[in-house]
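Working notes for the structure below.
The values are calculated or read from the model by the stated rules, or taken from the named source; none is laboratory data. This is a predicted model, so every value here is computed, not measured. Here the Cβ is made from the backbone with ideal geometry for all residues, glycine too, and neighbour counts use every protein chain on show. Only protein heavy atoms, including side chains, enter the accessible area calculation; ligands, DNA and RNA are left aside. Shrake-Rupley method; radii C 1.70, N 1.55, O 1.52, S 1.80 Å.
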Amino acid sequence: MTAHLLYGGAGILLFVLGVWSFLVHEALLRKVIALNVMGSGVFHLLIAIAERGSLPPDPVPHALVLTGIVVAVSATALALAMGRRLEDEDDAR
Amino acid sequence: MLDSLALAVTVPLLAALLVTALPGRVQTLGVIGAIATALVSLRVTVQVWQHGSLRSDPGGWGAPLGLALQADGLSAALLAMAALVALAISVYATGYFREGERRLHFWPLWFLLWSALNALLLAADLFNLYVTLELLGLTAVALGALTGQREAVAANLRYLLVGLLGSMTYLLGVVLLYAAYGTLDIGLTGAAIRPGPVASAALVLMTGGLALKAAIFPLHFWLPPAHANAPAPVSAVLSALVVKAAFYLILRLWLDVFGAIVTPAAAGLLGLLGAAAVIWGSWRALRAERLKLLAAYSTLAQIGYLCLFFPLLQATPEGPARDDLLAALVLMAISHGFAKAGLFLAAGLVQHSAGHDRIDELGGTAQHLPATTFTIALAGTTLIGLPPSGSFIGKWILMTGAIATGQWWWILVILIGTLLAAAYVFRVLSRAFNEAPTPRRFVTQASTEVPALLLALTSAVVLGLGAQLLWRLMGFGVVA
């Protein structure tokens, strides 16, 4: 029981840290990292949920985490590509 | 027989693959794909009309393990609106993106967006909703930045980051619901939900995250620059469909998942934010210097009107009065979808013809582009809420509901919003008409002007006169 609370609590803590960092920092890279930390928090919580109760662990949250990671990677790539476009234009001036 | 719900998602996906694989015939394939997608979407609406709600479990995997698709009156009405608006935008886009690289980039993203939108409207599963929401957000951002101009890229990068914050917050809410109730199916979760800290936290997280994406005041800051800097057909999609999709999700969750635990205070808060959005959005639209910025701020106000329905729905017991409110809410959302798409397409034509869209220098637009000016006027009729537009009936039922539930203060908000809307619409029209000679031809460029005109005409005339059909589609008794 304690272990689940610890894992779940850590997930929520990561999420909150991510939100805080997203809101406080200006730089794009920091914002993107903050979003990924938020995502890791949510995935952490999902894994904790999968392991609770009886064995074998619930496979549904695992599938959700995998899908979530794919989505997060694509979103991060798009954000970085757009950020790089802006940087390139700044350099060209 | 092929599953019509799955087809509504897969046909645009196939179209996206085809236009990517055969870039030489992108225009022809684009139009064919758009017609096919619109037809399969409308087929779903017809089936809901005939049989009530539909549900399918792809692969034969039922809930709670499978990812079901389902359509009821609410999603069918929005699906039909999306199909018609998107079809008009596709026709417009063939004229707008005549040549060059952008044409090749527009079509695949456009079909991916359409596919994500249909999937979002049909999903019956909270996690699938998250995935479709993200797909919709990513394609919308890519389309919005299509011009490659610095302002467009910067505005859409901000839109992307805000959207990701919103959907990640939504996802945390989904996880909490799964932890508490062990299911992701909308119907099963709604049946199992009990008042408590977990359910309340999920309600706040999911609504808050979606409010960011639906640009509900005060979380709207990203919308005006992102919508005003996109190419005209993309602005139309963003304002008419993408923002509506996030709002649809809030409505769906409040009705079907959190129905048992929503308190009057929570609904009142959403109404209050809506009221602030109506007044602030309309005021900024009146002060806007550019036509597209005016249209973007007016979207804020129109989303605000939709939020005003929540406290009334909460205060009205189940029955014909509540059904009327719900149908009026959908009618207003659909009318705004048509009107705003028409307005943005028309603004694109004005910008193309005049080389800019500064409202103060639009003199003579009525002479150069009579059909486009007529489109702006018709769309304006809907934004103000004049009869016989669909939003006239919507506002009428909204005000009746406000009186019936003793919440008269919302009427003041509606009146102020309507006055401001009249002011900002007539401000554009008075500028457009300030030159003398009579135009020679009504239509200047048929392939782009006619779709815009048809959209505005649908919002101002067809939806108002044919509003009863919506009640029938949603399975409610007809208003007297």
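Annotations for the structure displayed:
- Taking 20 Å as the limit for the C-alpha separation, the pairs A:K31/B:K292; B:K244/B:K292; B:K340/B:K395 exceed it in the case of A:K31/B:K292.
- Amide H contacts under 5 Å for B:R290, placed H, 5+ residues apart: B:I359
- Value of [θ]222 nm, deg cm²/dmol, for chain B, DSSP H segments ≥ 4, -39500 (n - 2.57) each, nearest 500: -24500 deg cm²/dmol
- Electrostatic tally near A:T76: other residues with Cβ closer than 14 Å to its Cβ, Lys and Arg +1, Asp and Glu -1, net +2.
- Computed magnitude of the charge dipole of the range B:125-262 (debye, nearest 20; Cβ of K, R +1, Cβ of D, E -1): 220
- Normalised by the number of residues in chain B, the average gap of Cα pairs under 8 Å and 6 or more apart makes the relative contact order 16 percent.
- Extension gain (nm, one decimal) between A:H4 and A:V70, 0.36 nm per residue minus Cα-Cα: 21.2 nm
- Amide H within-cut-off set for B:D125, under 5 Å, with H built and near neighbours excluded: B:I186
- For a label point 7 Å along the Cα-to-beta-carbon line of A:S21, residues of the range B:146-167 with backbone N under 19 Å: B:161-167
- Considering only B:A315, B:T400, B:L415, and ranking their Cα positions along the charge dipole of chain B that arises from unit charges at the beta-carbon of Lys, Arg, Asp and Glu, the one farthest toward the positive end is B:L415.
- Potential lengthening of the chain between B:I411 and B:I261 amounts to 51.3 nm, from the contour at 0.36 nm per residue minus the alpha-carbon distance.
- Normalised contact order of the range B:62-139, rounded percent, pairs of Cα under 8 Å and 6 or more residues apart: 45
- Carbon/sulfur fraction of accessible area - the range B:75-173, other protein chains in place, 1.4 Å, %: 59
- Cα-based reach from B:K213 at 13 Å (exclusive), listing aspartates and glutamates while leaving out same-chain residues under 8 positions away: B:E134
- HN-Hα J in Hz across the range B:338-349 - Karplus 6.51, -1.76, 1.60, θ = phi - 60°, x for Gly and Pro: 5, 5, 6, 4, x, 5, 5, 5, 5, 4, x, 5
- Between the range B:317-392 and the range B:211-240, the Cα center-to-center distance that results, in Å: 16
- Here the extension length gained between B:E289 and B:E318 equals 5.9 nm, from 0.36 nm per residue of separation less the Cα-Cα distance.
- HN-Hα J in Hz across the range B:263-275 - Karplus 6.51, -1.76, 1.60, θ = phi - 60°, x for Gly and Pro: 9, x, 5, 5, 5, x, 4, 5, x, 5, 4, x, 4
- Percentage relative contact order, chain A, counting C-alpha pairs under 8 Å, at least six apart: 26
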